[in-house]
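Taking it in order: structure first as structure tokens, then the write-up.
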């Protein structure tokens, strides 16, 4: 083997190791309790612990001018069940149960995000 072949092997192994570490951090990392935050016009209006929700229920959010969003909450997940927005994209997202996909209704300015508790293991956003 020549030097270029060895160099290529080390680069490939390094990339595989980085990919495995990234997969572990994303999918197997403890995130604490699932907390759903519902915002309307940028203001937090509901904060729901999805892990402690035992019975399914709905929340109706009314906006100015007749906007209506109905949010359904079940144990560990949440979705936009109904909305009278023109495109309905927020309803087609379906159930969400992790922090990687927020539910956004742009016409009505309603956002559902899932966050973990602050005591969960998380990377710090500061560089040292």
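Does residue 51 fit the bill of being within 30 Å of residue 109 (Cα to Cα), in contact with a strand residue (DSSP E or B) (Cβ under 8 Å, 6 or more places away or on another chain) and outside any strand (DSSP E or B)? It would help to see each step written out before you state the result.
Working: within 30 Å of residue 109 (Cα to Cα): yes; in contact with a strand residue (DSSP E or B) (Cβ under 8 Å, 6 or more places away or on another chain): yes; outside any strand (DSSP E or B): yes.
Here the answer is yes, as residue 51 does meet what is asked.
Tell me whether the stretch 10-31 contains one or more residues that are in a loop (DSSP other than H, G, I, E, B) and closer than 18 Å to residue 112 by Cα. I'd like the intermediate steps shown before the answer.
Step one: of the stretch 10-31, the residues in a loop (DSSP other than H, G, I, E, B) are 28-31.
Filter once more, keeping what is closer than 18 Å to residue 112 by Cα: 31.
Yes, the stretch 10-31 contains a residue that is in a loop (DSSP other than H, G, I, E, B) and closer than 18 Å to residue 112 by Cα.
Please specify each residue of the stretch 64-86 satisfying the condition of being farther than 23 Å from residue 32 by Cα, surrounded by 15 or more Cβ atoms within 10 Å (Cβ to Cβ) and out of contact with any strand residue (DSSP E or B) (no Cβ under 7 Å at 6 or more places or on another chain).
Once the filter is applied, which keeps residues that are farther than 23 Å from residue 32 by Cα, surrounded by 15 or more Cβ atoms within 10 Å (Cβ to Cβ) and out of contact with any strand residue (DSSP E or B) (no Cβ under 7 Å at 6 or more places or on another chain), the stretch 64-86 yields only 67.
Taking the stretch 28-58, which residues are within 18 Å of residue 102 (Cβ to Cβ), more than 15 Å from the chain's Cα centre (by Cα) and surrounded by fewer than 16 Cβ atoms within 10 Å (Cβ to Cβ)?
41, 42, 43, 44, 45, 46
Which ones in the stretch 98-128 are in contact with a strand residue (DSSP E or B) (Cβ under 6 Å, 6 or more places away or on another chain) and at pLDDT 90 or above?
102, 103, 104, 105, 108, 110, 111, 112, 113, 114
The values are calculated or read from the model by the stated rules, or taken from the named source; none is laboratory data. As the structure is a prediction and not an experimental result, all values here were calculated from the model. Using ideal geometry, Cβ is built from the backbone for each residue, glycine included, and neighbour counts are taken over all protein chains shown.
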